[in-house]
Each structure stands twice: as structure tokens, then as C-alpha cells.
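Notes follow the structure.
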Amino acid sequence: MRVTELGAAAPAHGHGHGSDDGHDHALDQGHGRVVELEEDILGANDALAAANRRALAEQEVLAVNLMSSPGSGKTTLLVRTLLDVGAELAMTVVEGDQETLLDAERIGATGTRVVQVNTGAGCHLDATMLARAMTALAPSPGSVMVVENVGNLVCPALFDLGEAARVVVMSVTEGADKPLKYPHMFRTADLVLLNKVDLLPYVDFDVATWTAAVERVRPGVEVLSVSATRGDGLDTWYAWLRAGIASRRGGTATSE
């Protein structure tokens, strides 16, 4: 795992999961050992996530874990959000990718403070990575910190970072069956965004079928249709962020 603050003299190096992503499946030791190792990994992660959550709550920082598959348009959505309301909400960004600074450079070009976390072979961010990124980023009290997770519809859902809210982004180019095929990702969502709705006239995507699938997996979750390029639904998305930080400011730290 590598944490890089854009503009810093040198990247900071940590250990995180390393190249094997912490998933020591120990195939020669039997299934019971696999389960034990996975429980140990998740248990240690959850303990640090709780510490991250307390630290963020004490500073009244709203941390949003933004998750999706690659190509959903979440970076484009994030850039548009930063340009429109980034200054108003004092937004900062933790950018997760396996390699490169490409997305962090796009974020930085908006004038937003951003820290890049490269996971190497890892398929997700974890609480240790976020703790180190938070130290480098030092978000202002009463601000919004967006964590753009590694593009993946499986692994990121398993790891609590200490965030206040999870937002899952999906696009109309991906297929209406995705919530049923990757239920855990959608089951953990506090908000689901359907992006690229400007392309609906040109793709075979049944919005009603997709909406029913989301509701089946995560009953009652709020769903917004947006277009990061054309602007559809963005006012409602920004209102959701404003409401989140408003509830955070003046709140008290929790022990969860």
C-alpha cells in the first residue's frame, strides 16, 4: 500500500495488506483455517474502523465511502461535485486505485486537497489505509471527506473504513441485474446513484427492473438518477450531501 499526498516531496510507504491483499486462503490447511484467518482480518479491520469513526465524529467530518465497478463514472461525478459544491462543503478526497495517480490528478486539478492510496494487487481500501490517508489529508472540522474506493463490486463492501455513509454508483451501461449478482455491495448502501441516465435512449437498460432489484436487495434505500455530464439529478445529490454534513456538525462522537 502506498499513500501519496499530491505535491508532497515523497510518498509515504505502509504495509497494509501488501501484494496478497491480506486474503491468506491457506488452501493446504483446510477450510476452517481459511475462515479463521478471514475473521481475524475483518476483526482487526473493524476495530480500527471504529477508531477512525470516533476520530471523524470528534471533528464533525462527514466521511462518504463512494463505491462502484470500474467505468461507472464515479470519478467524473466526483469531479463535477467538487467543482459545483466542493468549496461550499470544504470537501477533501481520498482516492483509491491499484496503481497510478491519474484520478488523483483529476481531483487535484479542481483545487481540492487529495491523497492517493495505491493498493498494488489489493482490490479495496481498508481501515488502516484510511487512517494513514486521514493523517496525511487532515480534513478540516465540519467538512466532507469523500473516499473514492477501488473500482470493484465485491471486496470494498466487506471492509468498514469508519465512514459515516456508503454510496454505491452504478451506470446504465452495466446491466440491470447487477444488484442481484452483487447483493452485498448494494445491501450495505445508504444511497444508490444510477449514473449516465443521459445514455438511456442509446442502451438496453430497464430502469424499472433495476429499481426492483435494488429494492429487493436493500428495501427502502434512497435511489437517485443522475448524469454527471448533463447534470440530471445533481441538485438532489448535493442536497443529500448538505443534509449529511448538517447532521454531522454539532454532533457528538460515537463509540460504534
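The values are calculated or read from the model by the stated rules, or taken from the named source; none is laboratory data. Keep in mind the model is a prediction, meaning the values are calculated, not measured. When we count neighbours, we look across all protein chains shown, and the Cβ atoms used for this are built from the backbone with ideal geometry, even at glycine.
Here are a few things to note about the model shown:
- Within segment 209-233, the residues that satisfy the criterion of being in contact with a strand residue (DSSP E or B) (Cβ under 9 Å, 6 or more places away or on another chain), touching a residue at least 12 places away in the same chain (Cβ under 8 Å) and in a helix (DSSP H, G or I) are Trp210, Thr211, Val214.
- Test set (1) in contact (Cβ under 8 Å) with a residue 60 or more places away in the chain; (2) surrounded by fewer than 22 Cβ atoms within 10 Å (Cβ to Cβ) - Asp198 fails condition number: (1)
- Only one of Glu99, Glu38 that is within 19 Å of Met129 (Cα to Cα), in contact with a His (Cβ under 8 Å, 6 or more places away or on another chain), at pLDDT below 95 and surrounded by fewer than 17 Cβ atoms within 10 Å (Cβ to Cβ): Glu38
- Scoring Leu161 on the criteria (1) more than 30 Å from Thr209 (Cβ to Cβ); (2) touching a residue at least 60 places away in the same chain (Cβ under 8 Å); (3) of a type in the set (A, V, I, L, M); (4) not in a loop (DSSP other than H, G, I, E, B) leaves a single failure, condition (4).
- One residue stands out in segment 107-131 among those that are modelled with pLDDT under 95 and over 13 Å from Val94 (Cα atoms): the one that is surrounded by the most Cβ atoms within 10 Å (Cβ to Cβ), namely Gly122.
- Of all residues in segment 201-216 being buried (at least 18 other Cβ atoms within 10 Å of the Cβ) and over 15 Å from Arg166 (Cα atoms), the one that is farthest from the chain's Cα centre (by Cα): Phe205
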